[in-house]
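> The structure under discussion is supplied below as structure tokens; questions concerning it will follow.
Any read-out appearing in this document is the output of simple, stated calculations on the displayed coordinates, not a laboratory observation. In this text, all values refer to a predicted model and were calculated from it rather than measured experimentally. Glycine gets a Cβ as well: all are built from the backbone with ideal geometry, and neighbour counts include every protein chain shown.
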Amino acid sequence: MKHRKKADLPSRLCPVCERPFTWRKKWAKDWDQVRYCSERCRRGAKMGGASDPSQREPV
């Protein structure tokens with residue numbers, strides 16, 4: 001099994017919180033369909049989450 005550095009993994013920007021998130025092993029089969037960094041952001045998108053990052057709650 002070859003180990004990779006986290007910097008070498010693919011990453012994306014979450015459309016809700018606009019933060020980068022990296023590939024996870026549990027997303028290996030459906031990385032092409034992954035759009036949100038977390039369950040919270042996925043739910044927030046359905047609720048009409050804040051599109052302006054300055055309006056988001058601190059985490």
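> Separation between the Val34 and Leu13 pseudo-spin-labels, each 7 Å from Cα along Cα→Cβ, expressed in nm?
1.9 nm
> Further question on the same structure: Pop out the ³J(HN,Hα) list for the range 35-42 in order, Karplus 6.51 cos²θ - 1.76 cosθ + 1.60 with θ = phi - 60°, rounded to Hz; leave Gly and Pro as x.
10, 10, 6, 8, 5, 4, 5, 4
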